[in-house]
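Colleague: Before anything else, here's the structure in question.
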Amino acid sequence: MPPTLAPAPALPLTHVACTHCGDDCPDDPIRLVAQPALSFCCPGCRAVYELLAASNLCTYYRLDERPGQKVRAVELPGRFDYLDLESVQGQLLAFRSPTLARLTLSIPQMHCASCIWLLENLFKLNPGISASRVNFLRKELTVSYHPETTSLKAVVTLLAAINYEPRITLAELGAQLHHGTRTLYYQLGVAAFGFGNVMLLAFPEYFSFSGQLQSTFGNFFGWLSLLLSLPVLLVSARGFYRSAWQGLRQRYINLDFPISLGLTALFITSVSEVMTQRGPGFFDSFTGLVFFMLIGKWVQQRSYDALRFDRDFTSYFPVAVTLLTKTGEQSVSVKELKPGQRIRVRHQEIIPADAILLRGTALIDYSFVSGESVPVARQAGETVYAGGRQVGEAVDLEVVREVSQGYLTQLWNNPAFQKEEKANLETYANHVGRYFVGLTLALALGAVAYWYPKDPQMALRAFTSVLVIACPCALSLATPFAMGAALRVLGRRTLYLKNSAVVETLGRADTIVFDKTGTLTDVKKAAVEYLGPALSPGQQRAVAAVVRHSTHPLSQRLAAELPPSQLAVAGFAEIPGQGLRGTVGGVVVRVGSAAFVGAAVATNEAAEPAENLQSRVFISLGNNLSGYYIFRNVYRDDLCEVLAALNRRYRLAVLSGDNETEQARLRALFGPQAELHFHQTPQQKLDYIAALRQQGRTVVMVGDGLNDAGALQRADAGIALTDTLTNFSPACDAILEAGSFGQLATIMGFSRDCLRVVLATFVLSFCYNGVGLALAVQGRFTPIVSAILMPISSISVMVFATLLVRVAAWRRRL
């Protein structure tokens, strides 16, 4: 139970800080009887504290010195009632089912680690909230809650009660300047003003052309420079101090700590010189140091925005969908979908946008969204949400909301499909960077110890120069900029990566495993031949009605061969690796392997000549085997060249669900060292990949994303190869359009080149810091020169990494 209030005992009238927000309390602060040492400036702050204390969430106050913000007076009651309206919820909620609702809210008040911790522990304040996750850079909070336990209004009211009221708008505000970028512009402007004016005041000192002017106005110029430098310290340099302090509170020294130390030393020494009238100080160096470091930060920010790490692969995101037009079906990118258009979603396809069900029985698997694996039934006229996967027959939908590719990317990065984290080059760089900061501090103190007995002014110069120039920023920027540039290159070649770490994984790979059907073979070019009793037109339409619900390459090829059919299918089911089943006009139609349709294989597959490269799909109508279709397999263009190039460096393997009729041909293509496995179930494929990884191999799995989801997930990097229709699989790490299959070996080589580029930038960064430190310790650099060289080194490393990646792409003809 929260502590109760009672009249506070008489205490001396002193100004104390509010326990919640840190502001000054009034002369008679509000106190808690159970804890009289706790003081509050207003009932709002007290109420927030009581709420957190009742839920054992007071760790919030230990993570930051002043985590809370002053709670404003509560406005009119009932101001959140509009959130109960169905029309409002329909616009705000990204997903809704009877057991789960999810939305993303903008929380501009979050500012520190305490805010993140509290907002991600909302479930302790409201049991109806199942999860909440913060995107701190965007100041966004994604909340999932149980509609049967709580409501959207209750969630927003809770956030407002703890002083994190979301900013809710139902209209798109358009592209706005990010708050952090706007603040950086302000800081840069103040620093530029201060630096320019202090430089003007320092001209007599620089050129010594007017000793009388300096002797008369020197002290006045010093005090004026101090006044001009104060806004630079309090406004422009605030970010460096805040970052350094936050690092110290978390018990580690970050990259801004030595910079803040150097700024402090330079400013204090300058103030001391002005106050003792020994000189004008080093305010020109101080303001110039802040100005040039902010320029470096601005250039970094612009470079990050230009690379668009989190937007590149969403803009390239190639999920395709079947658009229903007057002339028939048309495959288009989801980026082209507009509200009002009608689409067809087949078995195991992802619903790319919120839509209304028009025709068919929808069984929606929302496990990628909510973690619930039980499909949810939907009837005609009901809303289905983006991110669900249709299980069963094809359904027709009408789009009601434009596609949010950022939302689809969230599905792709669903924690359920994340791979175990491994130390990568970026991790190593950050790890080395921490030790580098410690080395920098030791060198700076050593320079002071050496120079101070000889020349105190030189000691200050060396100390400040070392702290400023020896920044491992360039080291930490090497990997993200090189890999970010690689993402853009590969995206242009229709290889779409989940994140930049996949490039590094591809560069380290030593084993590549291929699926066969739809991966090595081009099913669209396969010749189709039917053997068995002739099928009547009605029977052909019944078979076509069943196969058109599937996205399997053989099903799509057979659907194109058979006459168009609009017959209704009841009880449709697709068994991975086996076949399809559905009831058409009261007759059970089975399409798949011989074992699946219940037929004894009358043909002797072993007796088939090796040149008859084929896959077979058997048909049964009712309980009677009707015959089978033969697909004369055609391998993809450039397959021989791709495998020849890969064979020189990688261990290759094939996992096929088909029979061994093509073993001789595959052996000729893959060579004697490759492992060929047939009759593989999805589980056997997964187990094979797991066994390779246990042997210490780095495995890349290339499949079609249908029967290979487990193998794609278990591999170090899973590449889903796609043709016209894209089967979105969150288990894969990359999506390669089939037209670029011939460049697979080139892409793997380019990934190795990217690793070499990162190592080269590491070497360049160490050279910069080594030379810079050697000269700074000797006092060869002034602080302002160090301030110019530090961002130049970081920018040059960024440019160097980006240009080398582009050169590597040019050499590989990507």
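Colleague: Within segment 646-681, track down each residue that is among the β-branched types (Val, Ile, Thr) and part of a strand (DSSP E or B). Explain how you work it out, then say what you get.
Modeller: The first filter runs over segment 646-681 and keeps only residues among the β-branched types (Val, Ile, Thr), leaving 654, 661, 681.
Across segment 646-681, the qualifying residue is only VAL654.
Colleague: Considering only segment 657-712, state which residues are small (Gly, Ala, Ser) and within 33 Å of the chain's Cα centre (by Cα).
Modeller: Within segment 657-712, ALA690, ALA691, GLY696, GLY703, GLY705, ALA709, GLY710, ALA711 meet the criteria.
Colleague: Same structure, new question: Of the numbered conditions (1) modelled with pLDDT under 75; (2) more than 29 Å from ALA717 (Cα to Cα), VAL400 satisfies every one except a single condition; which is it?
Modeller: (1)
Colleague: Can I ask one more? Just name the residue that is modelled with the lowest pLDDT out of those in segment 317-338 that are hydroxyl-bearing (Ser, Thr, Tyr) and over 13 Å from THR722 (Cβ atoms).
Modeller: Going residue by residue through segment 317-338, those that are hydroxyl-bearing (Ser, Thr, Tyr) are 322, 325, 327, 331, 333.
Now narrow it down to the ones that are over 13 Å from THR722 (Cβ atoms): 322, 325, 327.
Values: THR322: 83, THR325: 84, THR327: 80.
Out of the qualifying residues, it is THR327.
Colleague: Of these, ARG508, ARG493, which one is among the charged types (D, E, K, R) and either at pLDDT below 85 or crowded, with 21+ Cβ neighbours inside 10 Å (or both)?
Modeller: Exactly one residue qualifies, and that residue is ARG493.
Colleague: Another question, then. Does LEU487 satisfy being at pLDDT 80 or above, crowded, with 20+ Cβ neighbours inside 10 Å, in a helix (DSSP H, G or I) and not assigned by TED's automatic domain parsing to the domain that holds PRO352?
Modeller: yes
Colleague: Here is a further query. Go over the candidates VAL587, VAL591, VAL546, VAL569 one by one and state the one that is closer than 24 Å to HIS347 by Cβ, at pLDDT 80 or above and over 44 Å from the mean Cα position of the chain (by Cα).
Modeller: VAL587
Colleague: Out of the residues in segment 748-759 that are of a type in the set (A, V, I, L, M) and buried (at least 24 other Cβ atoms within 10 Å of the Cβ), which is modelled with the highest pLDDT?
Modeller: VAL757
Colleague: Got a number for residues in segment 633-645 being in contact with a Leu (Cβ under 6 Å, 6 or more places away or on another chain) and part of a helix (DSSP H, G or I)?
Modeller: 2
Colleague: Can you tell me which residue in segment 18-42 is modelled with the highest pLDDT, limited to those that are more than 17 Å from CYS58 (Cα to Cα) and outside any loop (DSSP other than H, G, I, E, B)? Break it down into steps so the answer makes sense when it comes.
Modeller: Taking segment 18-42 first, the residues more than 17 Å from CYS58 (Cα to Cα) are 23-30, 33, 41-42.
Filter once more, so that each one left must be outside any loop (DSSP other than H, G, I, E, B): 24, 30.
Values: ASP24: 72, ILE30: 75.
The qualifying residue modelled with the highest pLDDT is ILE30.
Colleague: Kindly indicate whether any position in segment 407-421 is more than 30 Å from ARG508 (Cβ to Cβ), modelled with pLDDT under 75 and not polar (S, T, N, Q).
Modeller: yes
Colleague: While we're on this one: If I ask for residues that are surrounded by 13 or more Cβ atoms within 10 Å (Cβ to Cβ), over 22 Å from GLY585 (Cα atoms) and at pLDDT below 85, which ones from segment 606-642 would you list?
Modeller: GLU608, LEU613, GLN614, SER615, ARG616, PHE631, ARG632, ASN633, VAL634, ASP637
Colleague: Whether any residue in segment 688-699 is surrounded by 20 or more Cβ atoms within 10 Å (Cβ to Cβ), assigned to a strand (DSSP E or B) and touching a residue at least 40 places away in the same chain (Cβ under 8 Å) is what I want to check.
Modeller: Among the residues of segment 688-699, at least one is surrounded by 20 or more Cβ atoms within 10 Å (Cβ to Cβ), assigned to a strand (DSSP E or B) and touching a residue at least 40 places away in the same chain (Cβ under 8 Å), which makes the answer yes.
Colleague: Check segment 112-127 and report whether any residue there is outside any loop (DSSP other than H, G, I, E, B), under 30 Å from GLN379 (Cβ atoms) and in contact (Cβ under 8 Å) with a residue 12 or more places away in the chain.
Modeller: no
Colleague: Are any of the residues in segment 524-537 surrounded by fewer than 24 Cβ atoms within 10 Å (Cβ to Cβ), hydrophobic (A, V, I, L, M, F, W, C) and modelled with pLDDT under 80? So that I can check it myself, show each step before the final result.
Modeller: Here is the first cut: in segment 524-537, the residues surrounded by fewer than 24 Cβ atoms within 10 Å (Cβ to Cβ) are 524-537.
Filter once more, so that each one left must be hydrophobic (A, V, I, L, M, F, W, C): 526-528, 531, 534-535.
Next, only the ones that are modelled with pLDDT under 80 stay: 526.
Among the residues of segment 524-537, at least one is surrounded by fewer than 24 Cβ atoms within 10 Å (Cβ to Cβ), hydrophobic (A, V, I, L, M, F, W, C) and modelled with pLDDT under 80, which makes the answer yes.
Colleague: Taking interchain pairs and intrachain pairs at least six residues apart, which have beta carbon atoms under 7 angstrom, with the first residue in segment 211-240 and in the same structural domain as TYR185 (by TED's automatic domain parsing) and part of a loop (DSSP other than H, G, I, E, B) and the second at pLDDT 75 or above and not hydroxyl-bearing (Ser, Thr, Tyr)?
Modeller: Once the first residue is in the same structural domain as TYR185 (by TED's automatic domain parsing) and part of a loop (DSSP other than H, G, I, E, B) and sits in segment 211-240, its partners that are at pLDDT 75 or above and not hydroxyl-bearing (Ser, Thr, Tyr) give ALA237/LEU263; ALA237/VAL290.
Colleague: Let me ask you something else. Filter segment 43-94 down to the residues that are within 22 Å of GLU140 (Cα to Cα), at pLDDT below 70 and among the hydrophobic types (A, V, I, L, M, F, W, C) and list them by number.
Modeller: Once the filter is applied, which keeps residues that are within 22 Å of GLU140 (Cα to Cα), at pLDDT below 70 and among the hydrophobic types (A, V, I, L, M, F, W, C), segment 43-94 yields LEU63, VAL71.
The values are calculated or read from the model by the stated rules, or taken from the named source; none is laboratory data. Keep in mind the model is a prediction, meaning the values are calculated, not measured. Counting neighbours? That spans all protein chains shown, and the Cβs are built from the backbone with ideal geometry, glycine included.
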